[in-house]
Structures are given as C-alpha cells and as structure tokens.
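Since the structure comes first, as structure tokens, the remarks are kept for the end.
The values are calculated or read from the model by the stated rules, or taken from the named source; none is laboratory data. Keep in mind it's a predicted model, so treat the numbers as computed, not measured. FYI the Cβ positions are ideal-geometry reconstructions off the backbone, even for glycines, and counts take in every protein chain you see.
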C-alpha cells in the first residue's frame with residue numbers, strides 16, 4: 001500500500017498524460033529494484049567503512065534518517081572532520097579543528113539525505129520530472145530530476161529495463177557533482193550501495209567511500225548531534241587580551257601584508273578573509289621543512305587547482321601565537337608574480353573565526369583582540385554577517401535596489417565582483433559602457449567584463465562610481481546563485497574595519513577624510529606583469545587607450561616616460577602610472593625600440 005501511495009504522490013507534482021506515466025514507470029521500477037515496501041519503510045541507516053580523497057586515506061562513519069538528520073565523521077590521514085545536521089542544528093569541524101556553523105543552516109545537506117529515502121524528497125518540497133534519456137557508462141538511462149526551491153537539483157540515473165540506480169548528479173550553487181553507486185547488496189530486503197565514488201570538475205576532486213557495514217532502521221541517538229567545544233589554538237603574550245597595534249604594509253593600497261613568523265621563519269603574510277583555508281607557498285614549506293601530504297582540490301577566482309595539506313604550522317604575530325594550524329601547500333609563485341609582491345603565506349578564515357581583527361586603514365595598522373573581552377568602539381556601525389560556503393556575507397544595495405548578500409572578501413584587492421546570476425537577473429550590464437579586465441588568483445587568470453556601477457550602499461552609506469568586475473559563468477569561486485557577488489578591500493579601506501566572526505558581525509567606522517575619495521582605477525587598458533627589467537603585456541582591453549594606441553598582447557615595455565623598469569618597480573610610484581588623471585599623455589618604450597604614446601582615459 002505504501003508503494004502505491006508513493007507513486008500517486010509523485011504524480012501530483014507533474015502534468016497528467018504520457019509524461020506522467022513515464023515518470024511513474026521509471027520511479028516504480030526504481031523503488032521496486034531497491035526493495036519495494038521494504039525500501040519505503042526504511043527510516044534510517046548507519047554506514048561504516050573506508051574513504052579516500054586526493055591521495056589521503058582514512059575512515060568514515062555516518063548516520064542518516066528520512067527526516068533529514070545527518071551525522072558524519074571522517075578521518076583522512078591526520079585530518080579528522082565531522083558534521084551534524086538536524087532541523088535546529090548544523091555544524092561542522094573544519095580542517096583546522098574549529099567548529100563552524102554550516103551555511104544555509106544545513107538545508108542542502110538535509111536535501112541530500114532526503115534523496116536516500118523513498119518519498120522523503122517529495123514530502124519536503126521537491127518537484128519531480130522526467131528528463132531526456134542520457135548515455136553514461138555505455139548504457140542508456142532514464143533521468144529523474146528532483147528539484148528543490150533555490151535551484152538545487154538531484155538527477156537519478158535509472159535503468160529503463162531493471163530500475164537499477166547508476167548514480168545521482170547533484171547541482172547546487174551552480175556547482176555539479178556526480179555520485180556513482182556500486183556494489184549493491186541487500187540489507188534486510190533493501191538494496192544498499194556499499195561503494196560510492198563522488199566526482200567534481202577538478203581531476204583531484206574524487207572522493208571514494210567503501211563501506212564494510214551498513215545497518216538500516218537503527219536508532220540514531222540525539223547525543224550524536226551535540227555541538228562540541230572548539231579547541232583554543234591561540235594565545236596572547238603575557239595573558240593580555242589583545243595585541244598592540246601592528247604596522248602593516250598596504251601594498252598598492254589594496255593588499256594587507258603583516259610581518260610574522262611561520263615556523264620560526266620571518267615572512268610577510270597576506271590577510272585574506274575569503275580563503276577557506278590558510279595557504280603556504282610550496283617554496284617556503286620546503287625551506288622550513290614542512291611536510292605535506294595528499295592532493296586535494298581547491299577552488300579560486302581563476303578556477304580549479306590542487307593543494308597538499310600540512311599540519312603543525314605555527315604562526316607568530318607580534319603578541320599573538322597560533323598553534324597547530326593545518327594549511328594548504330601550493331605553488332603561489334605565479335600569483336606573487338602577477339601581484340608584484342612575494343606571497344609566502346595567506347592567512348585565511350581560521351584567524352577570523354577566532355578573534356576580533358581591528359584594521360585601521362588610515363594609519364596602516366592592525367590589532368587582534370579577544371572576543372571575550374571585546375566591546376565595540378564608539379561610533380561603530382554593526383553589520384550582521386551571513387554565511388555562504390566558506391565565506392561570510394553582508395547585505396549590499398546596488399544602485400538603490402533591495403539589499404542582497406555579497407561575500408565579504410579582504411583577499412579581493414578590487415572593489416566589487418558581481419556574479420553572473422545576479423548580473424543577469426538585474427540586467428546590470430544593459431546600456432552600460434564596458435570593457436574587459438584580467439584578474440589573478442588561485443586557479444590562474446580570468447578575464448571579466450568591466451563596468452562602473454553608479455553606486456552601492458553598505459551599512460546605510462552610499463559609495464559612488466564603483467569599478468566592478470562581471471565574470472561570466474565558470475567553474476570557479478566567483479559563480480554562485482546563493483550570493484550576488486563579492487565585495488572587496490578597496491571598499492572597506494574607507495573605514496576603520498573590525499571583523500567579529502565570533503559574534504557574526506562586522507563593525508564599521510567611516511574615515512571621513514577618505515570615504516568619498518574616487519576609486520583608484522586603471523586608465524590605460526594594459527594588463528601587464530613585471531619581469532625583471534620590463535613589463536610583459538598579458539592583455540589589451542577592448543576600447544581602451546592602449547588598444548587605440550596600437551599596443552598588442554605580448555608586447556614588452558622597457559620604460560615609462562623614459563624611466564626604466566627595474567626590480568623595484570612593483571609598488572613604486574612609477575608603477576602607478578596607469579592611475580594618473582584622464583588626459584595624461586604617457587610614452588612607453590618597447591623592447592623593439594619603438595615608442596608608443598597613449599592618452600589615459602576612463603574607458604568603462
């Protein structure tokens with residue numbers, strides 16, 4: 001009786017007629033193949049086994065229930081992680097052992113759990129449809145889609161003949177993964193997959209789970225979901241509650257480099273709230289004897305890349321020590337070259353999660369404060385922080401529209417990035433002068449459309465004429481339908497900024513002297529990187545002064561207005577020639593001996 005009822009309920013969500021009959025047939029075959037009434041009666045299961053990801057091996061154990069409860073423990077080498085999701089609780093243990101709330105309150109995780117049970121997805125708002133048949137693994141499959149509000153889709157690949165389930169294609173937040181199921185065995189009348197292989201677009205993003213034991217219809221103790229206490233891995237000197245002010249290098253007025261020590265080696269590390277994990281350059285790791293393992297996927301502005309994992313990283317700032325940090329290890333030399341500054345270490349969200357970070361941009365100084373002893377300074381406006389994947393979000397109004405969530409990202413050395421979904425929804429490029437720019441980040445270089453927004457409003461303060469990047473949809477960290485974009489450092493450098501992740505807040509104090517300053521912007525249209533005694537042109541922007549002057553990609557510039565390019569070019573006054581006022585005439589000496597003259601202008 002349950003079997004028939006489930007099929008009738010599914011038909012409620014689709015049109016009547018042959019299409020509905022085809023959907024009924026496909027789902028009927030699948031449910032029967034899984035075990036019929038035994039599958040429909042299944043309310044929970046408990047799995048134990050081995051897992052592998054990117055060359056790291058370990059164990060996995062998880063509990064799931066048809067009402068959306070999930071508890072998972074895994075241990076990849078030296079990296080233990082956990083997560084727990086209920087209707088009222090959603091937390092995870094990150095790579096560094098910190099306890100974090102899960103973004104969207106665990107709704108995406110609950111939806112994935114519903115898909116493991118007959119009828120649960122439909123009961124929780126999914127709409128079912130039958131897509132066109134597809135070829136996969138040299139066979140033809142019916143594709144049954146379950147779509148939840150917010151564009152989450154789960155496509156089940158079902159055999160037209162037997163009802164066998166090959167796997168499931170999952171798309172959420174514009175990212176797609178495929179879970180291949182195998183080694184099906186009957187457990188109390190229900191077919192359960194003892195093998196799962198989950199893949200993404202990154203060749204290193206392959207996670208294998210092989211279960212040695214699966215039990216169904218088991219009790220799931222609520223103690224499993226109790227939130228643990230996050231370990232404290234930081235301390236201030238002399239039992240104080242804050243550091244003194246630390247002077248930082250404000251490179252090109254758009255990146256924060258702080259003097260520090262990493263495992264006793266003096267470095268200048270970059271502060272990046274958008275980094276889901278801290279990163280150490282592989283060259284530095286080798287010099288200081290840091291051992292790394294595995295090959296794990298990482299998503300950045302430029303696309304997909306890989307990293308290894310290192311443990312026992314010690315970070316010492318003036319008056320503050322971080323111990324036992326796990327960090328990603330990867331070659332950051334290309335990013336350093338593109339930025340024009342050595343980048344040995346990127347300090348990510350681990351420090352933001354634990355402490356108040358007080359950044360006084362006007363005086364190029366920073367302090368770290370204990371959240372337990374913190375009170376907001378006079379005149380500070382509070383902004384509530386939301387969550388999106390590994391990042392925190394704030395509400396931003398674009399040209400007077402209703403406020404939407406933007407990722408808060410001090411690693412973005414520009415002003416604003418608008419993601420494709422919101423760009424298209426709000427028609428932000430219609431009738432607006434635009435060009436192309438080149439951005440660098442983890443994953444490589446990315447070309448983005450450039451345009452100027454009339455204004456944005458943050459915490460009630462309107463900021464005018466905002467140069468903005470509009471990347472096209474791609475498999476990278478700047479593509480989402482959960483947030484509208486990414487708001488960067490050159491917006492926040494107009495304030496004294498206090499990040500307060502422990503209390504889910506930012507605090508802003510406007511810098512009256514600089515709040516209304518126009519944004520520094522390129523007026524040449526040249527994307528070039530320094531290479532010893534020259535600049536190498538990587539791109540010439542369409543419609544720009546550089547294009548009108550006849551400059552081409554691949555050109556090499558030896559001098560600007562007769563001043564030679566040398567090793568000290570990056571961050572120098574000379575390097576700011578592209579930012580001079582409109583109408584400024586600049587003479588460029590090229591490697592072929594010719595001199596090109598261009599007139600700087602606002603071209604987007």
Check: List the pairs whose first member sits in the stretch 288-300 and is on the phi > 0 side of the Ramachandran plot, whose second member is crowded, with 22+ Cβ neighbours inside 10 Å and part of a strand (DSSP E or B), and whose Cβ atoms are under 7 Å apart, counting only residues at least 6 apart or on separate chains?
Finding: 294/309
Margin query: For the condition at pLDDT below 95 and over 21 Å from residue 511 (Cα atoms), what is the one hit in 429, 438, 385, 450?
Written below: 438
Margin query: Within the stretch 573-584, take every residue that is surrounded by fewer than 11 Cβ atoms within 10 Å (Cβ to Cβ) and in contact (Cβ under 8 Å) with a residue 12 or more places away in the chain and give me the one that is nearest to the chain's Cα centre (by Cα).
Written below: 581
Next item on the list: May I ask you to list the residues in the stretch 145-163 that are under 22 Å from residue 194 (Cα atoms) and in contact with a strand residue (DSSP E or B) (Cβ under 7 Å, 6 or more places away or on another chain)?
Entry: 154, 155, 156, 157, 158, 159
Margin query: Go through (1) surrounded by fewer than 18 Cβ atoms within 10 Å (Cβ to Cβ); (2) at pLDDT 95 or above for residue 535 and report which single condition fails.
Written below: (1)
Check: Just for strands (runs of 3 or more DSSP E) wholly inside the stretch 494-563: which have at least 3 residues that are touching a residue at least 40 places away in the same chain (Cβ under 8 Å)?
Finding: 495-500, 505-510, 526-531, 534-540
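Sort through 256, 277 and tell me the only one that's part of a strand (DSSP E or B), under 27 Å from residue 101 (Cβ atoms) and touching a helix residue (DSSP H, G or I) at 6+ places or on another chain (Cβ under 9 Å). Walk me through how you get there before you give the answer.
Numbers: 277 fails: part of a strand (DSSP E or B).
Selected residue: 256, the only one of 256, 277 that is part of a strand (DSSP E or B), under 27 Å from residue 101 (Cβ atoms) and touching a helix residue (DSSP H, G or I) at 6+ places or on another chain (Cβ under 9 Å).
Looking only at the stretch 304-335, count every residue that is closer than 22 Å to residue 570 by Cβ, buried (at least 17 other Cβ atoms within 10 Å of the Cβ) and modelled with pLDDT of 90 or more and tell me the total.
Keep residues of the stretch 304-335 that are closer than 22 Å to residue 570 by Cβ, which gives 330-335.
Next cut, buried (at least 17 other Cβ atoms within 10 Å of the Cβ) only: 330, 332, 335.
Retained after the next criterion (residues that are modelled with pLDDT of 90 or more): 330, 332.
Residues that pass the stated criteria total 2.
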Note to self: Need a quick list: strands (runs of 3 or more DSSP E) entirely within the stretch 342-452 having at least 1 residues that are within 30 Å of residue 537 (Cβ to Cβ) and in the same structural domain as residue 502 (by TED's automatic domain parsing).
What the structure shows: 416-418, 435-441
Margin query: Which residue is nearest to residue 323 (Cα to Cα), if the candidates are limited to the stretch 236-246 and must be loosely packed, with under 14 Cβ neighbours inside 10 Å and in contact with a strand residue (DSSP E or B) (Cβ under 8 Å, 6 or more places away or on another chain)?
Written below: 237
Next item on the list: Considering (1) without any contact (Cβ under 8 Å) to a residue 24 or more places away in the chain; (2) part of a strand (DSSP E or B), say which one residue 21 fails and leave the rest.
Entry: (2)
Next item on the list: For residue 289, state whether it is touching a helix residue (DSSP H, G or I) at 6+ places or on another chain (Cβ under 8 Å), surrounded by fewer than 18 Cβ atoms within 10 Å (Cβ to Cβ) and outside any strand (DSSP E or B).
Entry: no
Checklist line | Number of the condition not met by residue 297 [criteria: (1) at pLDDT below 85; (2) not in a strand (DSSP E or B)] | finding: (2)
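Out of the residues in the stretch 426-453 that are without any contact (Cβ under 8 Å) to a residue 24 or more places away in the chain and more than 21 Å from the chain's Cα centre (by Cα), which is surrounded by the most Cβ atoms within 10 Å (Cβ to Cβ)? Please lay out each step first, then the result.
Filtering the stretch 426-453 for residues without any contact (Cβ under 8 Å) to a residue 24 or more places away in the chain gives 427, 430-432, 449.
From what's left, more than 21 Å from the chain's Cα centre (by Cα): 427, 430-432.
Details: 427: 9, 430: 6, 431: 6, 432: 15.
Restricting to residues being without any contact (Cβ under 8 Å) to a residue 24 or more places away in the chain and more than 21 Å from the chain's Cα centre (by Cα), the top hit is 432.
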Check: Of all residues in the stretch 107-140, which are outside any helix (DSSP H, G or I) and under 20 Å from residue 63 (Cα atoms)?
Finding: 115, 116, 117, 118, 119, 124
